[in-house]
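Working notes, beginning with the structure itself.
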Amino acid sequence: MSWLQALVLGLVQGLTEFLPISSSAHLRITSTLFFGNDAGASFTAVIQLGTEVAVLIYFAKDIGRFISAWFRGLFNAEARKEKDYRLAWYVIIGSVPISVLGYLLKDEIRTSARNLWITATMLIVFGLLLGLADHLAKQQRDELRMKDAVGMGLAQALALIPGVSRSGGTLTAGLFLGLTREAAARYSFLLAIPAVFGAGLFSIPDVLERSGEGVQASIPQMVVATLISFVVGYATIAWLLRYVSKHSYSAFVWYRIMLGIVVMGLLSMGLLQPI
């Protein structure tokens with residue numbers, strides 16, 4: 001991997017991880033279109049650690065409250081009535097589907113699921129679903145329930161396929177379930193922490209061994225790309241939370257559809273290779 005590729009992909013990861021447009025799709029497309037190769041699922045998983053550290057820092061006070069409430073609730077029945085205790089459990093429960101499926105399907109995720117025809121199709125299909133959810137959303141609730149944790153957790157698991165978008169899938173599910181855009185977005189950020197950290201840490205040995213799928217990045221390149229994704233990702237979190245409090249997701253919907261169509265066109269003309 002060249003240094004330019006590492007820098008560009010770190011920037012792309014930071015910009016797209018929290019937007020409902022699929023960071024894995026953008027890394028896959030950018031790497032193939034401009035650098036002639038696939039950086040690989042392991043590279044993608046590791047540099048996502050940077051954006052998740054951004055979540056940890058941005059929501060540090062909230063996360064500290066949730067962890068404290070969870071431990072208190074383990075030993076104190078009264079503490080189990082606290083909202084923060086329930087939310088901590090919702091994050092744990094919502095993380096189960098992607099953890100299980102990610103482990104069981106790890107080989108397919110790193111190979112056949114990265115076909116650009118699949119990526120382009122998922123961009124369009126889940127863009128339309130996001131648009132439908134945003135249009136029909138009642139946005140009645142700010143407080144999460146167990147059904148929200150399960151529904152958004154299952155939606156997050158679909159993001160194992162590039163093009164679906166982890167944030168896009170969870171936001172779509174949250175809107176269909178009646179949550180406000182901001183409430184769905186905040187839970188989406190928190191829900192990503194266990195899954196993305198798990199995937200990133202699990203993939204580090206593959207990167208260090210410099211074997212397997214994708215072009216190989218050096219350790220310094222991985223570190224720099226991850227740091228860039230952290231800095232840009234932190235700014236993106238702040239921007240998105242302000243944006244969704246006042247705007248719909250229509251701009252992201254149209255972007256996904258247009259990008260999917262463009263990728264299909266490039267594939268049809270042979271300017272992009274699907275694998």
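The values are calculated or read from the model by the stated rules, or taken from the named source; none is laboratory data. None of the values given here were measured: they were computed from a predicted structure. Because the Cβ atoms are built from the backbone with ideal geometry, glycine has one as well, and the counts that use them run over all protein chains shown. Ligands, DNA and RNA are excluded from the accessible area calculation, which covers all protein heavy atoms including side chains. Shrake-Rupley method; radii C 1.70, N 1.55, O 1.52, S 1.80 Å.
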Within the range 90-118, residues in contact (Cβ under 8 Å) with a residue 40 or more places away in the chain, surrounded by fewer than 19 Cβ atoms within 10 Å (Cβ to Cβ) and aromatic (Phe, Trp, Tyr) come out as Trp117
Scan Tyr234, Tyr243 and give me the residue that is assigned to a helix (DSSP H, G or I), in contact (Cβ under 8 Å) with a residue 60 or more places away in the chain and among the hydroxyl-bearing types (Ser, Thr, Tyr). Tyr234
Is it true that some residue in the range 249-261 is open to solvent by less than 10 Å² (accessible area, probe 1.4 Å), among the aliphatic types (A, V, I, L, M) and in contact (Cβ under 8 Å) with a residue 12 or more places away in the chain? no
The condition of being free of Cβ contacts under 8 Å to residues at least 24 places away in the same chain and under 22 Å from Leu259 (Cβ atoms) holds, among Thr44, Thr30, only for Thr30
Would you say Ser203 is hydroxyl-bearing (Ser, Thr, Tyr), at pLDDT below 90 and surrounded by fewer than 21 Cβ atoms within 10 Å (Cβ to Cβ)? no
State all residues of the range 1-54 that are farther than 16 Å from Leu272 by Cα, in contact with a Gly (Cβ under 6 Å, 6 or more places away or on another chain) and of a type in the set (Asp, Glu); if no residue qualifies, say none. Glu17
Being within 17 Å of the chain's Cα centre (by Cα), of a type outside the set (Asp, Glu) and either more than 22 Å from Glu182 (Cβ to Cβ) or open to solvent by 70 Å² or more (accessible area, probe 1.4 Å) (or both), is that true of even one residue in the range 127-146? no
Complete set of residues in the range 41-53 that are closer than 21 Å to Ala185 by Cβ and touching a Ser or Thr at 6+ places or on another chain (Cβ under 8 Å): Gln48, Leu49, Gly50, Thr51
Suppose we filter Arg166, Arg181 for residues that are of a type in the set (D, E, K, R), touching a helix residue (DSSP H, G or I) at 6+ places or on another chain (Cβ under 7 Å) and under 20 Å from Ala41 (Cβ atoms); which single one remains? Arg166
Per the filter on the range 252-275, residues over 21 Å from Ala39 (Cα atoms) and in a helix (DSSP H, G or I) are Phe252, Val253, Trp254, Tyr255, Arg256, Ile257, Met258, Ile261, Gly265, Ser268
Which of (1) of a type outside the set (Gly, Ala, Ser); (2) open to solvent by 50 Å² or more (accessible area, probe 1.4 Å); (3) more than 20 Å from the chain's Cα centre (by Cα) is the odd one out, the single condition Tyr85 does not satisfy? (2)
